[in-house]
1. Answer yes or no as to whether ARG625 is within 21 Å of CYS562 (Cβ to Cβ), open to solvent by less than 50 Å² (accessible area, probe 1.4 Å) and in contact with a Phe, Trp or Tyr (Cβ under 8 Å, 6 or more places away or on another chain).
2. Residues in region 668-681: is at least one farther than 23 Å from ILE799 by Cβ, part of a loop (DSSP other than H, G, I, E, B) and of a type outside the set (Val, Ile, Thr)?
3. Mind checking which residues of region 131-149 are assigned to a helix (DSSP H, G or I), modelled with pLDDT of 70 or more and of a type outside the set (Val, Ile, Thr)?
4. Among (1) in a loop (DSSP other than H, G, I, E, B); (2) open to solvent by less than 50 Å² (accessible area, probe 1.4 Å), which single condition is ASN362 missing?
5. Has region 749-756 got any residue that is surrounded by 13 or more Cβ atoms within 10 Å (Cβ to Cβ), modelled with pLDDT of 90 or more and in contact with a Cys (Cβ under 7 Å, 6 or more places away or on another chain)?
6. Filtering region 821-848 down to residues that are open to solvent by 10 Å² or more (accessible area, probe 1.4 Å) and among the hydroxyl-bearing types (Ser, Thr, Tyr), which residue is farthest from ARG810 (Cα to Cα)?
7. Test ARG634 against the criterion of being open to solvent by 10 Å² or more (accessible area, probe 1.4 Å), outside any loop (DSSP other than H, G, I, E, B) and either aliphatic (A, V, I, L, M) or modelled with pLDDT of 90 or more (or both), and give yes or no.
Amino acid sequence: MIFPLALSGECYIQIILQGEHELPTRLSIAAADFVLSLSIALTKKSVAADLSDKKKASSQNLQKRPVSLAPATSSQYKMSTKNKPSGFSGDMEMLKLLWVHIDELIVLVQKLMEWSRKSRPLHVKGVERVHQWLLETKRNYVCSSKLADLKFLETGVLLLSSCWKHYGILLHLEDPRFSKKYKQLLEQYVSGIQYYSDNYKDDHEVAEDSGTETLKFFMNCLSLLLGRLNVKQFETAVAEYGSQLSELLMSQLRSSDEQVVDSTILILKAVIFKTKDGSVKSSLLDSKQMDAALTMLLPFLDELDGSARAVVKLVAEYCSIYADSRCMEEVLKRLSSENVSQRKNAADVISDVINRSFETTNIPHAVWQDLANRLLLCLGDGESVIRSQASTLLPLIDPSLVLPELVLLVYSQDESVELYASRTFKAVMRNHKHSPEVICTLLDCLSTLCQNSDLNATGSKGEGAKLDIDKILKLLSDWTLLVEDWNSLVDPLMDKIFSEPSNAVIVRFFSHISEYLADASHLVFNRILLYTREQKRSSKDFSGCEASVFRNDDIALFSSLCPLLIIRLLPLRVFDDLNSPAMYGQLLTRKTTFDIGYLGNDGPQSVAALLLNKMLNNSEFEDVRKLAAELCGRIHPNILVPIISHKLKDATNERDLLKIKACLFALCTSFMIRGKDSFLRKDILRIRSSIETVLSWPSTGGDDVSKAQHGCIDCVAWMVCAEVEFSIPSKTATLDTTCNSDAGDSAKKWSVCTYVIENLTQDRCPTTSEGITSKSEVSIHLSFRLCMANILISACQKISNSGGMKALARKAVPRIIQSVEDILDSEIKAACIQVLFSMVYHLKSEILQYSSDLLTVAMSSLRDGSHKEKLVGAKLLASLMASEEEVVGSIAGGLLEARETLASISLSDSSQDVREVCQKLLMCMTF
């Protein structure tokens, strides 16, 4: 009878294994259920008698050698009878057959586990436990030829038989009679858990062996039973036994056995959440039942043990679904507790809730804000573990809820808080590197802090202290490196700065990211052009308003300045791309078209045209015109110089002082930035001619003409610097090859430095066709020569290149020394000596070879000069005496004569000022 049964089971196992699908076929279901029924029959026991038999086997046999359920490796299906026991009594024949086929049972259970994995989460946990138990039972009760081992194997056979009778029933895939007996089975398992919980919890000798293992058996049966119930059966079971189960299972959470705790949590979750498939719905939850359950669960969070870790998962799952419950309030309270264990467990719950939030949207905004606030406080917790956990969790929360307070904590005077806040801030920005909304939120936070009068809260000291925005901007360095697509950020950031044009914080931020914006300059420029066109249309809508009301509006001023400020923040390289349509448009190909209408009368078509328009528009705000003129100086010389040379000429002819000053400012900036690139071109002659005209105009100190003339002096001074710093060759072949013949071929005509020196030192005076010179013409010519002196003085102050210093000294010093004795006008002679003083003072050792001659000029002016000449001569002498060591050494031989001269003048000169200066110089020589 045994052989046919075994052969039949083996055939059905083969049918089950043939199915490779995740879900079973009808045939494989029938085969699996048949094998389960056949295996139950081999136990020759009834379900009703099983409990007493199991208790007997556990109390008598297992005491000899404890059953170990430690993890074991999976076993493959193997048809073998090498473990077949011999020597059993006749009533063990059926039981030993079940043992012989334990490998087939392992294979069957493994297949059942695969089929149930997706549809029965609670049930499959029980199946996994059965599979593990079969593997360990086979390993622990090994067959041997010794009689003592045969007795021990008999214990294993009895254990397999008694447990399998229940497992086999609960593993059935389809059982028509199950609906009639599941309540009876449920009562048995609940009673078993209750019995072993009450009778073995204090008996350590038995509890660790029989009691705990048997308790695992009942817990596993309960998982299998509840997990295989249909929806209606499950709801009925929870309704009738839920309260009893919850109370019973709570006591198992204190178990020292990890498997018991794990099984308890799984079953408890199913009972409390009223679901066995893992999908929890808040609509199914009973708030009263949940409150009662949580009242029992929360005390487990007072300790740091295995039970607490298990309860954390359960509480977190409920809080993630029902976030605005009393449960969440209790957890957040524990986060502020003085008990370290409570704080750590609460932090673990919140961590689990936040991680689950990626799969659900059930957490209300108010709860998120509360979570963020509590975690921000944790950055100052005394436990580094909690601080680190908070620092890790905060970047996962909506930045709009975190950043306002987090930015404030970055300025904390507590070094620990500042450190963790800074780390968290970097992580927030790193997690949202492509989110313009986060950047805008950050800018709003910084703006609010800057407007806050109580800055002591930010860590600043002293009244009137200002927020150090650079501290935050430095923390953004990592963020800027991680951003992969700046193009996606340009539009939102431009919208932000255009909406708040007067916000200095945004301007500082743009300055910080200017290099990255330069890489997307075409987008930036297009937005600027679009914005200015919209402004132009808006200004037409206000054409009927009072001009003074509109023009004095600060909003209008900042709106006009805003696009220019953005351009100013960008690096110079954005102006170097002559092929950029947004930067230059058609100006490169039509640079000889100089009418203002082309430059954008109907709206600028390029950034360069925009800047030129604003610079030359006299109706613009003064600040806007000045900034536009400065930015025009960055325009590539190929575009700028030809246009400016004509615009300056036109403005000079019209005596339009505003446009003259704007053109000169742009040219000064260009010469300062571009140097010889701006200087080496034919248009310089036209510019120089216009400047000469302006300098010849009569003026009084402080008037607009005088201001324009000061601009001319600065402009020519920068031209001199450009010429000498880069050692301009004398051959005109190095100049712009487009120079036409009327410009002349001589280097003298092209040299600005030579032009300035000659006009300063030559005593010719302009005359009329009749050879008559008027007093006004003489005065103008004198003023013009003084301007030349001021140009050289300004050039000395501006030049920084040592090669340029040497070139300037070589060109100017000997010529002026040679001419100073021949100049008739005392004021011009004094101006020449003043130039020499500036060169000694600023050019340092570069005048070494001329030091003796300079000393001679100084002494000659002190002896025979006018009052002005004597004063500047004294300054020249003082400058020589205070110069570099080698210069002083070169004039040492003449200082004795100089001392005698000074002594004589300090006693005999009619001017008290001259006497006092000479006395001071004598004192310097004495010491």
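The values are calculated or read from the model by the stated rules, or taken from the named source; none is laboratory data. Everything quoted here is computed from the prediction, not taken from an experiment. Cβ coordinates were reconstructed from backbone atoms using ideal geometry, including for glycine residues, and neighbour counts include every protein chain displayed. All accessible areas refer to the heavy atoms of the entire protein, side chains included, with ligands and DNA or RNA removed. Shrake-Rupley method; radii C 1.70, N 1.55, O 1.52, S 1.80 Å.
1. Numbers: within 21 Å of CYS562 (Cβ to Cβ): yes; open to solvent by less than 50 Å² (accessible area, probe 1.4 Å): yes; in contact with a Phe, Trp or Tyr (Cβ under 8 Å, 6 or more places away or on another chain): no.
It is false that ARG625 is within 21 Å of CYS562 (Cβ to Cβ), open to solvent by less than 50 Å² (accessible area, probe 1.4 Å) and in contact with a Phe, Trp or Tyr (Cβ under 8 Å, 6 or more places away or on another chain).
2. Within region 668-681 (the criterion being farther than 23 Å from ILE799 by Cβ, part of a loop (DSSP other than H, G, I, E, B) and of a type outside the set (Val, Ile, Thr)), the answer is no, since none of the residues qualifies.
3. Answer for region 131-149, where residues must be assigned to a helix (DSSP H, G or I), modelled with pLDDT of 70 or more and of a type outside the set (Val, Ile, Thr): HIS131, GLN132, TRP133, LEU134, LEU135, GLU136, LYS138, ARG139, ASN140.
4. Answer for ASN362: the failing condition is (2).
5. No - not one qualifying residue is present in region 749-756.
6. SER826
7. Taking the combined requirement at face value, the residue does not satisfy it.
Conditions tested, residue by residue: (1) touching a strand residue (DSSP E or B) at 6+ places or on another chain (Cβ under 9 Å); (2) open to solvent by 60 Å² or more (accessible area, probe 1.4 Å); (3) assigned to a helix (DSSP H, G or I); (4) closer than 20 Å to SER307 by Cα.
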| position | (1), (2), (3), (4) |
| --- | --- |
| GLU338 | no, yes, no, no |
| ARG343 | no, no, yes, yes |
| ASP370 | no, no, yes, no |
| LEU394 | no, no, yes, no |
